[in-house]
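The values are calculated or read from the model by the stated rules, or taken from the named source; none is laboratory data. Note that this is a predicted model, so its numbers are computed, not measured. Every residue, glycine as well, gets a Cβ built from its backbone with ideal geometry; the counts of neighbours run over all protein chains shown.
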Amino acid sequence: MTVTPLKFYQVGSFAVGNRLLTDEERSEQSNPNRVNALTSGHRACQGCGEALGARYVLDTAMAATDGKIMAVNATGCLEVFSTPYPETSWRIPWLHSLFGNAAAVASGVATALKAQGKTDIRVIAQGGDGGTVDIGFGPLSGMWERNDDVLYVCYDNEAYMNTGVQRSGATPPAARTNTSHASGPEPGAHFNQGKFLPLIAMAHHIPYVATATVADLHDLEAKVKKAMTFRGARYLHILVPCPLGWGSRSDETIMLSRAAVESGFFPVFEAEHGVMTSSKKIRRRIPVEEYLKPQKRYAHLFGANGRPDIVERLQRIADHNIEQYDLVEKGAEE
Amino acid sequence: MRKQIEGSQAIAQSVATCRPGVICAYPISPQTHIVEALDDLVRRGRIEHCEFLNVESEFGAMSVAIGASAAGSRVYTATASQGLLYMVEAVYNASGLGLPIVMTVANRAIGAPINIWNDHTDAMSQRDSGWIQLYAQDNQAAADLHIFAFRLAERVSMPVMVCMDGFVLTHAMEQIDVPEQEQADAFLTPFVPRQKLDVDNPVSIGAMVGPEAFTEVRWLAHHKQLEALAAIPGLAEEFAGVFGRRAAGPNDHLGLVTDYYTEGAETVVVALGATIGTLEDVIDELREAGTSIGVLGITSYRPFPSAVIRERLQHAKRVIVLERAFAVGIGGVVDADIRMSLMGLDIAQNTVVAGLGGRAITRASLRDIIAKSIAGDVEPLTFLDLNEGMIPA
Amino acid sequence: MAEKPFAITLDVGSSLANKTGTWRTERPVYVHRLPPCNDACPAGEDVQGWLYKAEEGAYEEAWRRLTVNNPMPAIMGRVCYHPCQTACNRAQVDETVGINSVERFLGDEAIKQGWAFAKPETSTGKRVLVVGSGPSGLSAAYHLARLGHAVTIRESAEQPGGMMRYGIPAYRLPRDIIDAEVQRIVDLGVVIECNAKVTDIPAVFAEGFDAVFLAVGAHLGKRAYIPAGESARILDAVSMLHDTESGEPPMLGKRVIVYGGGNTAMDAARTAKRLGAAEAIVVYRRTRDKAPAHDVEITEALEEGITMHWLSTIKHIDAGAVQIEKMQLDEKGFPQPTGEFDTLEADSVVLALGQDCDLTLIENLPGVVIDDGVVQVADNMMTGYAGVFAAGDMVPGERTVTAGIGGGKLAARHIDAWLRGDAWVHPERPNLASFDRLNTWYYADAEKTQRPRLDAARRADTFDEVVQGLTAENALFEARRCMSCGNCFNCDNCFGVCPDNAVIKKPDGTYEFNLDFCKGCGLCAHECPCGAIDMELELT
């Protein structure tokens, strides 16, 4: 008698929770008593990836630190939609100062806590891609090089969405924004421009750098938890689709995050002390086209007057990522 | 303890007695000696439970100060000139958030052309920032005003700039009564923040406020300054009681101004900062020669003590405002504030802009311009020792 | 702490005052859709429902939920051709869920643990006679008994089970399994009288029965005219299987030809092998993919060494030899003769060309219409004779054990309603939980647990059961492969993916939308793995 060996399978490893799993195996988001650090009533657009990402991160961090978290927020969507007078959606100590100084303000908070001997309280700074890779980069780099005990989280929606969708240093090539119009011979944001901040973070040799998306909650939560095990500067870069800026349907926010990863266009990996330690393998590889097509910011690449040549260049970026970040399980695509 | 000491060192030691929790700085001349000294004091453990942070810019420095203050620590930083301008966004933010940060501004000119020397253009650019601005006449006052500043800042929960002339004071060796720890402890009450980040009592600090309440918020900022104006005289008395000297100097009046023979004087020169010492010497000479003249020094430029100034100047025939900065395109900065304070009184007034970018303000030049002013032989706006001959046609 | 700075510093959580639900143009609604397995089950089993309990390892609960519709899971888990699995959405992800094997596991577990049916709390005082103890009769008896009616089954054969016992070989359905599941129905209070052929319907009513349910199986093999020599040995498959079960197996010789392409043909060929035939050959006029036998039956037959002659018809049968003609399919897929002939050696020919029911009982009953060998029934399954209902092989429709069980259940509902002077109406069927509504990303990859099999070589000469059951562990994992199509399985996705925290997770693990805050973004519906959330236009 022969028996086919059992393979592990459980919905719980991909879904938020699963009634069949123990509490420990479920995500923090499945906990009915989760903190809801960012609570209802906020004014984020329908299907906002950033609102989702922020709650995921902070709830996890709260759980990981027994509720001892203080957050510093850069100016941007997250700040604006969460704290318009007279209402705040935060349920944790939270401070907003300016657009470009979240990292430095967080350093100040962390330094004060250190001086007060309250090192059990941990500090998270957060901002969008503009506040992080562009205007806030100086203070962020300063925070990193000083190795201040701050976890900086960038919610990357790849443009200045709060001000009405303008190009940032994180806007991908060919993407349409209101300062990178889909006009002229090279429509959208230029190729060979922009920066990928996680690599710059790694160059600071800080203890922990990771990327994640709102599509893989378990991975995201594991990274936040892991980040909280380190002392010193840490950086988490989370891709958060923006229905407004990307021109996508409000219910496709998670699908698009997933497609970004499965196409290789957005690499999910982690690094310690400047060295990549692991990368999330692609599970069901798709061409970049599947990721790009549902987004109106890439609409100029498709259709009658489409630009297959540009799609091909974007595919090459994905292919390069797959190579560089080792995104395909060895032997999986022979 | 009285000792011969450089101004910057005195400031550092004075700040140290205030038991700050966080000190952060980005180096810029002529502020450097102060923060260098503080770094050393922190490293040596001379300031307990204090962290010193080197930051990547002045914008970072003020931002760190904001974060640390919001987290409930007593925070100090120092800057000057371009540095102050580089942090302006955060300067306004600190006052907007009502964080009682104390910052030394080692006054220096603003470029271009780049100029490292002393004038008041930097601090004057921040007169509307919502910060309290105290100007020191000498290093004793500078040292004392820092302790006074912490008490005032925390009393009204607003940040305070202590302005002291760069190089002229920061780098000058003088005999100073360096504040004693016991004295500082007796004067400063423990820091109880008005609001702070607290995991047990969480709040959201830094909300977005729209048209529906923004005017009220700004009105309250003004109200805070008036609160400070009302509090300063009492605190000045308290300071004198603890230290046995007036924080702003021996000629202090209510902690708001310094008064040198203004009573009954026909002419009063109004000035801020270290120039006042030179002016007092010139006034001594003029008074000996029979001129009815005095000097009114402004310690608290923001809040501006209009009523006290009006009271001091109401009987004068002429007021000369000696300024170390000016509003390009119109004239004096302080001059305008004085005019507003004296509105309705029949007093002649002219502005003398002097000592820009470190140019020496000599007694001779002062004597000359005062004489011309008294004679009515000046334009409303005069630049002291302006060498028109060197300006290309 | 002193008073907070006006407007700049705010009390936490105060945004709860801002009811963002007013933004909504669409609202999410939890729905229950009809999973394809349930939809396809001729017995009307709530497959997804009982798998849900099995996933938790709550086997007794799963069994109880299963037996709401089907009282014989151990039998069904062996002989059902599991249309549920054919319909299973999981097949489009990796492999279909092994529903049938889990069902068998639950059935076997019930026998092992001695689980019994709950008896009805009240009695209706009505008596129903069931004619025939095949799947349809047993099913109807069971459902009627649970509804509180007094049920008697009359069976013409020696033992109960009908075609399950006399048509399906023991290597596919061990007899102790039939005995156990029949006994459980008897334990519920159903009386079974064997060797009791019913011959007079009006007499039955006179006996005091209030209704009669006819469930006579198709035990008569169809004959076809085939020119044959006098000494040719020709049998029919149904009789051959029946006689084998009765302990009087026919003499077949060394080479046996089975004529037909259905499941009975495969059963006959495989049984022939077990009865000692060195060679068993299936002759069928069409191709394998057109054969009515289920693919698994053909596969197992091939594994046991059965030879297949597709596209062949028998032209003439003689002692020791059979002449066949090759066929070819025309453009419509029908077999047409080619004129090419071949001769096969054969000691006997078994005809497996379909079965008929013995309808003599009702042939002359007033009002009863018989058409094309089956009884015509109304929508409520009643024949033209008031109070006489029929289902199973006797009525038009599919002739499988599962269909029989389903028919019995439906008949029981109609009979029950009729006895109360009422009419039973089928509840409205929910919309189908189609594959395109699933978000299969969330289901981990897994292969179907293969039921361990006896070695093909060993099983060919024995009537031991060929397909072995799952272990408890395997059954659990297999059950957990269920994607719960169209029905919430508490994965917390909606609760987790809502950017507005507008999903409330209740203590019992179910959810509710908080429409005060739901902005109607649709993420919950899009990310629901099983498609159990609809977005509906907000009507203002």
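Looking at (1) within 19 Å of B:ALA65 (Cβ to Cβ); (2) surrounded by fewer than 24 Cβ atoms within 10 Å (Cβ to Cβ); (3) more than 7 Å from chain B (Cβ to nearest Cβ), which one does A:GLU87 not meet, given that it meets all the others?
Answer for A:GLU87: the failing condition is (1).
Just give me the residues in segment A:78-100 being within 28 Å of A:PRO32 (Cβ to Cβ) and touching a residue at least 60 places away in the same chain (Cβ under 8 Å), in sequence order.
Passing the criteria: only A:LEU78.
Anything in segment A:170-193 that is among the hydrophobic types (A, V, I, L, M, F, W, C) and more than 16 Å from A:LYS296 (Cβ to Cβ)? List them, or say none.
Those that are among the hydrophobic types (A, V, I, L, M, F, W, C) and more than 16 Å from A:LYS296 (Cβ to Cβ): A:ALA170, A:PHE191.
Looking at segment A:36-133, what strands (runs of 3 or more DSSP E) fall wholly within it and have at least 1 residues that are under 26 Å from A:ASP219 (Cβ atoms) and under 19 Å from the mean Cα position of the chain (by Cα)?
A:69-73, A:122-128
Would you mind stating whether C:GLY261 is in a loop (DSSP other than H, G, I, E, B), of a type outside the set (Lys, Arg) and crowded, with 21+ Cβ neighbours inside 10 Å?
Here the answer is yes, as C:GLY261 does meet what is asked.
Can you name every residue in segment C:33-55 that is among the basic types (Lys, Arg) and modelled with pLDDT of 95 or more?
Selection gives C:ARG33 alone.
Could you list all residues from segment B:265-304 that are out of contact with any Pro (no Cβ under 9 Å at 6 or more places or on another chain) and in a loop (DSSP other than H, G, I, E, B)?
Correct list: B:ALA265, B:GLU266, B:LEU272, B:GLY273, B:ALA274, B:ALA289, B:GLY290, B:THR291, B:SER292, B:PRO303, B:PHE304.
Is it true that C:MET308 is assigned to a strand (DSSP E or B) and in contact with a Pro (Cβ under 6 Å, 6 or more places away or on another chain)?
no
Can you tell me which residues in segment C:131-154 are touching an Asp or Glu at 6+ places or on another chain (Cβ under 8 Å), crowded, with 23+ Cβ neighbours inside 10 Å and free of Cβ contacts under 8 Å to residues at least 60 places away in the same chain?
Correct list: C:ILE153 only.
Going through A:SER248, A:SER257 one at a time, which residue ends up being over 21 Å from A:GLU28 (Cβ atoms), of a type in the set (S, T, N, Q) and within 14 Å of another protein chain (Cβ to nearest Cβ)?
A:SER248
Residues that are touching a residue at least 40 places away in the same chain (Cβ under 8 Å), touching an Asp or Glu at 6+ places or on another chain (Cβ under 7 Å) and either surrounded by fewer than 13 Cβ atoms within 10 Å (Cβ to Cβ) or among the aliphatic types (A, V, I, L, M) (or both): does segment A:278-290 have at least one?
Scanning segment A:278-290, I find at least one residue that is touching a residue at least 40 places away in the same chain (Cβ under 8 Å), touching an Asp or Glu at 6+ places or on another chain (Cβ under 7 Å) and either surrounded by fewer than 13 Cβ atoms within 10 Å (Cβ to Cβ) or among the aliphatic types (A, V, I, L, M) (or both), so the answer is yes.
Taking segment C:8-22 on its own, how many of its residues are assigned to a helix (DSSP H, G or I) and either in contact with an Asp or Glu (Cβ under 6 Å, 6 or more places away or on another chain) or facing chain A (nearest Cβ under 7 Å) (or both)?
6
From the list C:ARG175, C:ARG65, which one is closer than 21 Å to C:MET483 by Cα and either under 21 Å from the mean Cα position of the chain (by Cα) or surrounded by fewer than 23 Cβ atoms within 10 Å (Cβ to Cβ) (or both)?
C:ARG65
Taking C:GLU109 as the residue in question, decide whether it is farther than 23 Å from C:GLY407 by Cβ and assigned to a helix (DSSP H, G or I).
In short, yes.
Identify all residues within segment A:14-44 that are out of contact with any helix residue (DSSP H, G or I) (no Cβ under 7 Å at 6 or more places or on another chain), more than 9 Å from chain C (Cβ to nearest Cβ) and modelled with pLDDT of 85 or more; write none if there are none.
Within segment A:14-44, A:ASN33 is the sole residue that qualifies.
What are the pairs, 6+ residues apart or on separate chains, where a residue within segment A:144-159 that is more than 14 Å from chain B (Cβ to nearest Cβ) has its Cβ under 6 Å from a residue that is among the β-branched types (Val, Ile, Thr) and in a strand (DSSP E or B)?
The qualifying pairs are A:LEU151/A:ILE124; A:TYR155/A:ILE238; A:ALA159/A:THR177.
Give segment A:45-70 a look and list any residue that's within 12 Å of chain C (Cβ to nearest Cβ) and either at positive phi or at pLDDT below 95 (or both), or say none.
A:GLY47
Check whether at least one residue in segment C:72-79 is in contact with a Lys or Arg (Cβ under 6 Å, 6 or more places away or on another chain), surrounded by fewer than 22 Cβ atoms within 10 Å (Cβ to Cβ) and at pLDDT below 95, and report yes or no.
Looking through segment C:72-79, none of the residues is in contact with a Lys or Arg (Cβ under 6 Å, 6 or more places away or on another chain), surrounded by fewer than 22 Cβ atoms within 10 Å (Cβ to Cβ) and at pLDDT below 95.
Sort through B:GLY255, B:GLY273, B:GLY277 and tell me the only one that's buried (at least 23 other Cβ atoms within 10 Å of the Cβ), under 23 Å from B:ARG363 (Cβ atoms) and of a type in the set (Gly, Ala, Ser).
B:GLY273
Give the residues of segment B:238-263 that are farther than 16 Å from B:TYR301 by Cβ and assigned to a loop (DSSP other than H, G, I, E, B), sorted by residue number.
B:GLY244, B:ARG245, B:ARG246, B:PRO250, B:ASN251, B:TYR261, B:THR262, B:GLU263
Take the residues in segment B:71-87 that are surrounded by 24 or more Cβ atoms within 10 Å (Cβ to Cβ) and out of contact with any Pro (no Cβ under 8 Å at 6 or more places or on another chain), then tell me which one is nearest to the other protein chains (Cβ to nearest Cβ).
B:ALA71
Condition first: closer than 30 Å to B:ILE114 by Cα and touching a Lys or Arg at 6+ places or on another chain (Cβ under 9 Å). Now tell me which residues in segment B:358-393 satisfy that.
Correct list: B:GLY358, B:ILE361, B:THR382, B:LEU384, B:ASP385.
Listed here are the residues, each with its yes/no results for (1) modelled with pLDDT under 95; (2) within 30 Å of B:LEU97 (Cα to Cα); (3) over 20 Å from the mean Cα position of the chain (by Cα); (4) away from chain A (no Cβ under 14 Å).
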residue	(1), (2), (3), (4)
B:PRO193	yes, yes, yes, no
B:LYS196	yes, yes, yes, no
B:TRP219	no, yes, yes, yes
B:GLU227	no, yes, no, yes
B:ALA230	no, yes, no, yes
B:VAL257	no, yes, no, yes
B:VAL268	no, no, yes, yes
B:GLU285	no, no, yes, yes
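Can you confirm whether C:PHE477 is at the interface with chain A (Cβ under 7 Å from one of its Cβ atoms) and of a type in the set (Phe, Trp, Tyr)?
yes
Quick one: would you say C:VAL216 is touching a residue at least 24 places away in the same chain (Cβ under 8 Å), in a helix (DSSP H, G or I), in contact with a Ser or Thr (Cβ under 9 Å, 6 or more places away or on another chain) and crowded, with 21+ Cβ neighbours inside 10 Å?
no
Check every one of the helices (runs of 4 or more DSSP H) wholly within segment A:191-296 and list those with 3 or more residues that are closer than 14 Å to A:VAL57 by Cβ.
Once the helices (runs of 4 or more DSSP H) in segment A:191-296 are filtered for at least 3 residues that are closer than 14 Å to A:VAL57 by Cβ, what remains is A:217-227.
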